Amino acid sequence: VCTAQSLTWIYIASLAVGITTVVPQILIPLSAQMASPQERGKVIGTVMSGLLLGILLARTVAGLIGGAWGWRTMYAIAAALMLGLLIVLRAKLPRSQPGMTASYTELIKSIGGLIRQFSTLREAALIGAAMFGGFSVFWTSLAFFLEGGTYGYSSQVAGLFGLVGVVGASGAPVVGRLSDRFQPKVLAGLLIAVTFVSYLFFGFAGTSLWGLIVGIILLDLGVQGTQIS
């Protein structure tokens, strides 16, 4: 992306970036597999905190660096970070042996059977898709909203709103520990309600700074906590 000379180049490079974003989603079940049952919620909460904090703080860093030195510089830094991460993960992650010998095609085909067989899986998948969809819709459109007529902020200032989201995301380890003690389904229901309230703040008070900040904190707490539960 950093060296792109045309829109087509950016399309292809962005596709590669999108495909490789599966890595964090693999690390989450790996950490759950390695953790003891009584500490699984705590471990997942810690890993998910790192994931969401990275997503939110990346917006702040990208806004500042992109505004000061241009978007190509930010993508060059990101590429260097990915290379460093590759080296660290290769050296530090424990070796994990697969629990079955099925081919990739067979694994993909098995998803349909699992969905039909397990109602909890269907419910969790639907909740996860809806919650992260709501999260992505907000954060994708926020920059356009902040740079528009209501606020008129620069990209650097818009990126700073990622710091606000960190407040809500920091509650993830607490939710993880609660998931080890209480019914995760009850927690998920409460946190879905928190996310719903966050959108009420956006809809009715989003044109004021305090309403936007409160909504962001509730949104990140609700989405992060629901995904963990």
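The values are calculated or read from the model by the stated rules, or taken from the named source; none is laboratory data. The model shown is predicted, which means the values in this text are computed figures rather than measured ones. Note: ideal-geometry Cβ built from the backbone for every residue, glycine included; neighbour counts use all protein chains shown. Remember, those area values only see protein heavy atoms, side chains included, never the ligands or the DNA or RNA. Shrake-Rupley method; radii C 1.70, N 1.55, O 1.52, S 1.80 Å.
Structure notes:
- Hits in the range 158-204 (condition: farther than 13 Å from residue 56 by Cβ, open to solvent by 30 Å² or more (accessible area, probe 1.4 Å) and small (Gly, Ala, Ser)): 189, 193, 203
- Looking only at residues in the range 33-54 that are free of Cβ contacts under 8 Å to residues at least 24 places away in the same chain and of a type in the set (A, V, I, L, M), the one that is farthest from residue 228 (Cα to Cα) is 35.
- Some residue of the range 98-111 being touching a residue at least 12 places away in the same chain (Cβ under 8 Å) and open to solvent by 40 Å² or more (accessible area, probe 1.4 Å): no
- Hits in the range 70-98 - residues which are among the aromatic types (Phe, Trp, Tyr) and farther than 18 Å from residue 57 by Cβ: none
- Cross-chain or 6+ apart pairs with Cβ under 8 Å, the range 142-157 first and open to solvent by less than 50 Å² (accessible area, probe 1.4 Å), then not in a helix (DSSP H, G or I): 146/153
- Of all residues in the range 111-134, those satisfying the criterion of being touching a helix residue (DSSP H, G or I) at 6+ places or on another chain (Cβ under 7 Å) and under 16 Å from residue 195 (Cβ atoms) are 127, 128, 131, 132, 134.
- Cβ separations smaller than 8 Å between residues 6+ apart or across chains give the following pairs from the range 194-209 residues that are under 19 Å from residue 143 (Cβ atoms) to residues that are part of a helix (DSSP H, G or I) and open to solvent by 70 Å² or more (accessible area, probe 1.4 Å): 206/145.
- Remark: pairs (first residue in the range 122-140, without any contact (Cβ under 8 Å) to a residue 24 or more places away in the chain and open to solvent by 80 Å² or more (accessible area, probe 1.4 Å); second residue part of a helix (DSSP H, G or I) and of a type in the set (S, T, N, Q); Cβ separation under 6 Å; 6+ apart in sequence or on different chains) are absent.
- The conditions of being under 15 Å from the mean Cα position of the chain (by Cα), of a type in the set (Val, Ile, Thr), part of a helix (DSSP H, G or I) and closer than 30 Å to residue 174 by Cα are not met by residue 61.
- Count of the range 1-42 residues which are under 15 Å from residue 173 (Cα atoms) and either within 13 Å of the chain's Cα centre (by Cα) or open to solvent by 40 Å² or more (accessible area, probe 1.4 Å) (or both): 5
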